[in-house]
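The values are calculated or read from the model by the stated rules, or taken from the named source; none is laboratory data. All values reported here derive from a predicted model rather than from experimental measurement. Every residue, glycine as well, gets a Cβ built from its backbone with ideal geometry; the counts of neighbours run over all protein chains shown. We work out accessible area using only protein heavy atoms, side chains counted, and drop any ligands, DNA or RNA first. Shrake-Rupley method; radii C 1.70, N 1.55, O 1.52, S 1.80 Å.
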Number of protein chains: 2
Amino acid sequence: MEVKARAPGKIILSGEHAVVHGSTAVAASISLHTSVFLAFPSHSGNDDTLKLELKDMALEFSWPVGRIKEALAEFSSAISSSPTSCPAECLRSIGALVEEQNIPEARTGLASGMSAFLWLYSCIQGFKPATVVVTSELPLGSGLGSSAAFCVALSAALLALSDSVSVDMVHQGWSSFGEKELDLLNKWAFEGEKIIHGNPSGIDNTVSTYGNMIKFKSGSLTLIKSNLPLKMLITNTKVGRNTKALVAGVSERTIRHPDALNFVFNAVDSISKELSAIIESPVSGELSITEKEENIAELMEMNQGLLQSMGVSHASIETVLRTTLKYKLASKLTGAGGGGCVLTLLPTLLSGTIVDKVIAELESCGFQCLIAEIGGRGVEISFNGASS
Amino acid sequence: MEVKARAPGKIILSGEHAVVHGSTAVAASISLHTSVFLAFPSHSGNDDTLKLELKDMALEFSWPVGRIKEALAEFSSAISSSPTSCPAECLRSIGALVEEQNIPEARTGLASGMSAFLWLYSCIQGFKPATVVVTSELPLGSGLGSSAAFCVALSAALLALSDSVSVDMVHQGWSSFGEKELDLLNKWAFEGEKIIHGNPSGIDNTVSTYGNMIKFKSGSLTLIKSNLPLKMLITNTKVGRNTKALVAGVSERTIRHPDALNFVFNAVDSISKELSAIIESPVSGELSITEKEENIAELMEMNQGLLQSMGVSHASIETVLRTTLKYKLASKLTGAGGGGCVLTLLPTLLSGTIVDKVIAELESCGFQCLIAEIGGRGVEISFNGASS
């Protein structure tokens with residue numbers, strides 16, 4: 001028995017940072033995925049291990065199933081087939097299992113993801129041997145929701161081969177889950193995210209699960225259906241950021257200049273509302289796709305200016321802006337800022353030659369460029385080796 | 001009889017563009033001057049010409065005084081010793097006098113300044129021979145108020161040697177005018193500015209006349225006394241701009257996104273008010289100079305972000321921002337944007353080595369760098385060859 005699941009990453013289209021101060025933000029799924037392949041051995045013979053293969057990094061970890069069972073024995077009451085938080089004590093036991101593995105020094109950041117994996121696996125599938133292979137198109141730790149996509153794809157694969165969910169195993173190619181199944185796997189993925197991030201907002205896993213776009217404000221999320229196919233160039237500056245310090249920096253600036261910053265947050269709120277209205281507006285509406293794209297480009301440029309006034313830009317982000325501005329393309333940072341990724345809207349009518357030129361110029365600065373459609377489908381599964 | 005007058009240029013410290021939409025703006029004088037030397041021949045013998053020498057450009061123009069008198073004869077009733085607008089018909093006659101001169105093709109922009117010169121000269125001094133020599137530390141047409149500084153210095157020199165103004169001709173070095181004299185010469189300079197710019201705001205000549213800083217909102221100007229010596233690096237990108245098109249662009253954007261832009265303008269208003277409060281606050285106040293400078297740097301960065309959200313930045317401005325950001329220095333465009341000049345605050349404690357590095361890097365991009373103190377004295381005169 002085997003299944004493959006893939007879940008998309010996300011971008012923040014508008015409203016990062018301002019959302020902390022009560023503004024509306026908009027997040028969207030991107031057509032870059034993390035895929036999880038799950039296979040149970042046909043004969044549960046002498047191969048009694050749980051294997052986790054991280055293909056992109058050429059890393060493989062494995063645990064004797066008995067070893068996991070033993071480590072988690074005293075927490076059997078906490079292990080439930082419905083989404084549950086991993087108790088702190090149990091997380092320590094799992095941490096010990098992870099530490100037994102030979103994680104390269106440069107990859108110690110993987111440890112929390114491996115803990116999330118062991119928790120989700122044990123809860124949903126119990127203690128049995130399997131092989132799990134992870135591949136990803138998403139750069140890690142760059143604000144594109146790679147950890148959430150991993151948790152969502154993993155939960156999807158685990159649930160698809162469990163009794164708690166009934167799925168159509170005959171369908172050819174990628175297929176979606178029903179609403180109820182999505183709600184369940186989103187909850188599981190959120191438990192995984194909590195192990196990785198401590199106190200996640202739940203936005204990343206929700207976008208990865210349901211796809212499309214999400215409007216969020218003061219903790220409440222609204223799914224919005226995109227009627228506008230948008231293509232973005234995502235430039236990964238590869239500059240690491242300290243999200244907490246950036247968020248704190250905006251708050252401190254707000255204390256120093258409350259009037260100015262509150263007007264800035266209100267401006268961002270208007271931008272997010274306008275953006276989501278354009279994206280939801282009917283295809284046959286007043287504005288052509290080109291007009292909508294122009295409007296979105298302008299709103300992105302405005303949002304970027306406001307983020308700069310919050311103090312979360314960075315020389316690497318400025319380099320991307322400067323480069324894309326030369327080609328009259330609008331860009332904004334996405335996520336925490338201070339490095340990380342920058343979005344550039346690629347209008348439908350933009351020639352491929354220009355796109356190639358922009359990418360060549362950005363890559364010559366040492367940046368990584370990805371192209372993605374945004375607002376597409378959420379998590380999907382395939383039982384017959386669908387190509388990613 | 002001879003006199004030398006010098007008048008400072010100006011920068012917009014905050015609020016450009018937003019001021020058109022009702023926000024407060026702050027302008028400041030800079031320690032870069034345009035100087036006008038005026039000399040009447042000791043023997044009004046056979047040298048019966050009015051000479052205008054533009055020393056920096058190695059250009060010299062001259063008119064027989066009789067020729068000027070003849071051309072303006074029919075407008076004698078309009079020529080007054082108190083500040084008067086040049087009637088359209090008269091401006092055409094003056095324009096003909098200017099066209100007779102041999103202006104190099106690359107310098108046709110000088111024509112309106114020469115018209116202003118002939119009008120102010122004829123009104124204040126009548127028809128008599130003289131030599132006028134102009135030198136300037138201000139780059140032309142880059143938003144630093146070079147035309148206003150010329151009109152102010154010219155009016156000052158002309159009035160100093162006229163009967164309408166009594167000045168202390170014995171004082172050594174540079175000396176200032178009295179309040180009443182300043183008001184008069186500011187009005188004359190404004191008439192000159194009208195010939196050059198059509199419909200100027202009056203801010204440039206007012207800053208150049210009175211020095212210090214000026215807060216302006218909805219057409220009303222308030223002089224503010226600076227208690228904080230500030231040093232700025234002024235980077236001239238040398239990219240020409242179309243101010244009218246930039247102003248119109250912001251208005252069009254405001255029509256498209258009224259809510260967002262109105263919040264942006266309100267944020268700018270708060271920034272201008274904060275800035276002027278810091279500058280006016282007593283030296284012995286709560287905050288040290290370093291703390292005030294940090295505050296001003298932050299407000300400049302915020303204002304720049306808001307200007308970007310209005311869409312008036314430019315790749316050349318981004319290059320300056322990116323470069324100074326590397327050295328943790330705050331910058332903002334000044335004036336219309338779309339090229340022009342960029343301000344960078346040079347904190348008191350910044351080492352000269354860093355300043356040299358930043359300048360070298362900016363100049364390697366083809367930009368011109370100037371250092372100026374801001375908020376200093378206005379127009380001054382000297383009767384004994386004070387060095388500029």
> Pairs under 8 Å by beta carbon, first residue within 14 Å of another protein chain (Cβ to nearest Cβ) in the range B:243-256, partner part of a helix (DSSP H, G or I) and among the charged types (D, E, K, R), six or more apart or different chains?
Replying inline: B:R253/A:E298; B:R256/A:E298
>> Just to be sure I understand the filter: pairs with C-beta atoms under 9 Å, separated by 6 or more residues or on different chains, first member in the range B:326-352 and closer than 16 Å to B:L140 by Cα, second member aromatic (F, W, Y). Which pairs pass?
In response: B:V342/B:F367
> When you scan the range B:325-344, how many residues do you find that are more than 13 Å from every other protein chain (Cβ to nearest Cβ) and either at positive phi or charged (D, E, K, R) (or both)?
Replying inline: 2
> Of everything in the range B:1-43 that's of a type in the set (V, I, T) and assigned to a strand (DSSP E or B), which residue is most open to solvent (accessible area, probe 1.4 Å)?
Replying inline: B:I12
>> open to solvent by 20 Å² or more (accessible area, probe 1.4 Å), at pLDDT 95 or above, closer than 29 Å to A:K225 by Cβ and touching a Leu at 6+ places or on another chain (Cβ under 9 Å): which single residue out of A:L350, A:L307 fits that description?
In response: A:L350
>> Can you tell me which residue is modelled with the highest pLDDT among those in the range B:217-238 that are farther than 22 Å from B:G340 by Cβ and touching a Gly at 6+ places or on another chain (Cβ under 7 Å)?
In response: B:S218
> Here are some residues: B:A315, B:A277. Which one is of a type in the set (A, V, I, L, M, F, W, C) and under 24 Å from A:M300 (Cβ atoms)?
Replying inline: B:A315
> Given (1) open to solvent by 40 Å² or more (accessible area, probe 1.4 Å); (2) part of a loop (DSSP other than H, G, I, E, B), where does B:R67 come up short, assuming only one miss?
Replying inline: (2)
>> Tell me whether the range A:65-76 contains one or more residues that are charged (D, E, K, R) and in contact with an Asp or Glu (Cβ under 9 Å, 6 or more places away or on another chain).
In response: yes
> Which members of the range B:266-277 meet the condition of being among the hydrophobic types (A, V, I, L, M, F, W, C) and surrounded by fewer than 23 Cβ atoms within 10 Å (Cβ to Cβ)?
Replying inline: B:A277
>> Residue pairs, Cβ under 9 Å, 6 or more apart or interchain, first in the range B:64-77 and under 15 Å from B:K128 (Cβ atoms), second in a loop (DSSP other than H, G, I, E, B) and small (G, A, S). List them.
In response: B:K69/B:G126; B:L72/B:A78
>> Could you go through the range A:372-381 and let me know if any residue there is among the small types (G, A, S) and within 14 Å of chain B (Cβ to nearest Cβ).
In response: no
> Across the range B:104-142, which residue is most open to solvent (accessible area, probe 1.4 Å) among those that are in a loop (DSSP other than H, G, I, E, B) and out of contact with any helix residue (DSSP H, G or I) (no Cβ under 8 Å at 6 or more places or on another chain)?
Replying inline: B:E137
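The rows are residues; the columns are (1) out of contact with any Leu (no Cβ under 6 Å at 6 or more places or on another chain); (2) of a type outside the set (S, T, N, Q).
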residue	(1), (2)
A:K180	yes, yes
A:D183	yes, yes
A:N186	yes, no
A:I196	yes, yes
A:S201	yes, no
A:S208	yes, no
A:K231	no, yes
> Among the residues of the range A:257-277, which ones are within 11 Å of chain B (Cβ to nearest Cβ) and of a type in the set (G, A, S)?
Replying inline: A:A260, A:A267, A:S270, A:S272
> Pick from B:E280, B:E286, B:E301: which is more than 7 Å from chain A (Cβ to nearest Cβ), without any contact (Cβ under 8 Å) to a residue 40 or more places away in the chain and open to solvent by 50 Å² or more (accessible area, probe 1.4 Å)?
Replying inline: B:E286
> So how many residues does the range B:227-242 have that are open to solvent by less than 20 Å² (accessible area, probe 1.4 Å) and either away from chain A (no Cβ under 14 Å) or free of Cβ contacts under 8 Å to residues at least 60 places away in the same chain (or both)?
Replying inline: 7
>> Name the residue that is farthest from the other protein chains (Cβ to nearest Cβ), counting only residues in the range B:304-319 that are more than 14 Å from B:V250 (Cβ to Cβ) and of a type in the set (G, A, S).
In response: B:S316
> out of contact with any helix residue (DSSP H, G or I) (no Cβ under 6 Å at 6 or more places or on another chain) and either closer than 21 Å to B:E137 by Cα or of a type in the set (S, T, N, Q) (or both): does that describe B:R256?
Replying inline: no
>> Out of everything in the range B:176-219 that is among the small types (G, A, S) and farther than 25 Å from B:E373 by Cα, what residue ends up being surrounded by the most Cβ atoms within 10 Å (Cβ to Cβ)?
In response: B:G192
